[in-house]
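Where a number appears in this text, it was derived from the coordinates with a stated rule and is not lab data. Keep in mind that what you see is a predicted model, and the values were worked out from it rather than measured. FYI the Cβ positions are ideal-geometry reconstructions off the backbone, even for glycines, and counts take in every protein chain you see.
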């Protein structure tokens, strides 16, 4: 069976859980406690060279790190990744943009807020938000009256960009500036098999 | 003919030029001046939704943005991208890691240094370098006595990670801490068709 090492609040892990659910794939979920330092334990680097979650361990024991690589691997051959080479490339562009421009810009301010460190970390939050607001505006411009990021249907480009953008308010971002983004977030939430960040069960 | 919009000093653009050279592909090179604001001109967003370089315009007129997406598109079906699904996924993991953890961490301090703004931007440089040193140490650990990042041959994982890491000293990073990285950078420089950041010709 597939095994997913994740954490309760990580948006990167959430992406993997959404897609696993949408693909109706069973998996063992191992939820690590990042504050306790679970990902920094000796031995964890043998499955995660970057000492972080998510890690998807395949049935043959091979681990996959980086949320974008997990999404691409799972989506191969499914309706969530186009067959057409140019559309696949478009999906990849969004996956890279999300990692380069949105993920840390939202995740760090969010973590500092959740841990009550917003005032202590205010300089770093300001510089992260400078990156993040620029990226959100580009996303808003692109969405215009589009329903989905690539082509005419939901793909892993949407799954990937959705996760942290939907959590941006927790990072102190003023999301009422972005009506197109808010509309598109609702589109993603209404896809079949979508799951919220926090579920009742810890094993799916 | 392929058309590459790039800039003289961008590491992300350099990746595309290295691979285009290694694939013996002819292309028209259009070098933009980022300081003058060429990428912020009205109209440029119609080919680059994120208003930045590189952009590879295909022969049919379709543009590709994000360096990782350009590398994946060009490498498809060549020896620079494995056929095996798991090895392809490994390549993608490195491409995502580079964008998430290395690119901005090196590019911003480097730009501030090159523009003589190091002292004015010292707080931001410190934040960025905190990210970057962590990522460089993970890269150093992984390289150990490996010759290449994935499998036993040079792939676009190496091309991608090489570009900014080879420029890290310009971003103020102390690279003498990383003997394995320095050895591997030389491996990449000695691959057939590799080109330096600045070439005499502006059209290849």
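Place the label 7 angstrom along Cα→C-beta at residue A:51 and in each other copy, then list the distances from the first to the rest in nm, shortest first.
3.8
Would you mind checking the radius of gyration and Dmax of the protein assembly as shown based on alpha-carbon positions, in Å?
20.3, 62
Can you compute the FRET efficiency between residue A:78 and residue B:187 using 1/(1 + (r/R0)^6), with r the Cβ-Cβ distance and R0 = 30 Å? Round to the nearest 0.05.
With a Förster radius of 30 Å, E is 0.25.
How shielded is B:100-113 by partner chains, expressed as the average number of their Cβ atoms within 10 Å of its Cβ atoms?
So the per-residue partner count for this stretch is 2.
Can you list the residues of segment B:161-188 with backbone N under 20 Å from a point 7 Å past the Cα of residue B:145, pointing along Cα to Cβ?
B:178-188
Once you average over the residues of B:82-90, how many Cβ atoms of partner chains fall within 10 Å of each Cβ?
If you average over the peptide's residues, the count of other-chain Cβ atoms is 4.
Subtracting the Cα-Cα distance from 0.36 nm times the residue separation, let me have the gained length for residue A:21 to residue A:59 in nm, one decimal.
Gain on extension, residue A:21 to residue A:59, equals 12.0 nm.
Let me know the mean shielding of A:58-71 by other chains, meaning the per-residue number of their Cβ atoms within 10 Å of its Cβ.
Average neighbour count from other chains, rounded to a whole number: 4.
Using 7 Å Cα-to-Cβ label points, what is the residue A:175/residue A:130 separation (nm, one decimal)?
That separation, rounded to one decimal, is 2.5 nm.
What residue among A:58, A:167, A:85 shows peak mean-square fluctuation when chain A is described by a Gaussian network model with Cα springs under 10 Å?
Maximum among the listed residues: A:85.
Would you order A:143, B:34 from fewest to most other beta-carbon atoms within 10 Å of each residue's own beta-carbon?
B:34, A:143
Cβ neighbours within 10 Å, averaged per peptide: list A:94-101, B:9-16, B:126-133 in order, most packed at the top.
A:94-101, B:9-16, B:126-133
What's the Cα-based Rg to Rh of chain B, Rh via Kirkwood?
0.95
Nearest-5 percent of antiparallel DSSP beta bridges in the protein assembly as shown?
50 percent
Would you mind classifying segment A:58-110 by shape? Square roots of the alpha carbon gyration tensor eigenvalues, ordered a ≥ b ≥ c; an a/c under 1.5 is rounded, otherwise it is prolate if a/b is larger than b/c and oblate if not.
Because a/c hits 1.5 or more and a/b fails to exceed b/c, segment A:58-110 counts as oblate.
Give or take rounding to whole Å, what are the principal axis extents of the alpha carbon atoms in segment A:2-75, in descending order?
Computed over the Cα atoms, the extents are 32, 26, 20 Å.
Could you work out [θ]222 nm for the protein assembly as shown from helices alone, using -39500 (n - 2.57) per DSSP H run of at least four and dividing by all its residues? Round to the nearest 500 deg cm²/dmol.
Estimated from H runs of four or more residues: -13500 deg cm²/dmol.
Looking at the axis that maps chain A onto chain B, which chain A residue has the closest Cβ, and how far off is it in Å, rounded to a whole number?
Residue and rounded Å distance to the axis: A:99, 2.
Take the Cα atoms of segment B:85-189, build their convex hull, and give its volume per residue in Å³.
Measuring per residue, one finds 86 Å³ for the Cα hull of segment B:85-189.
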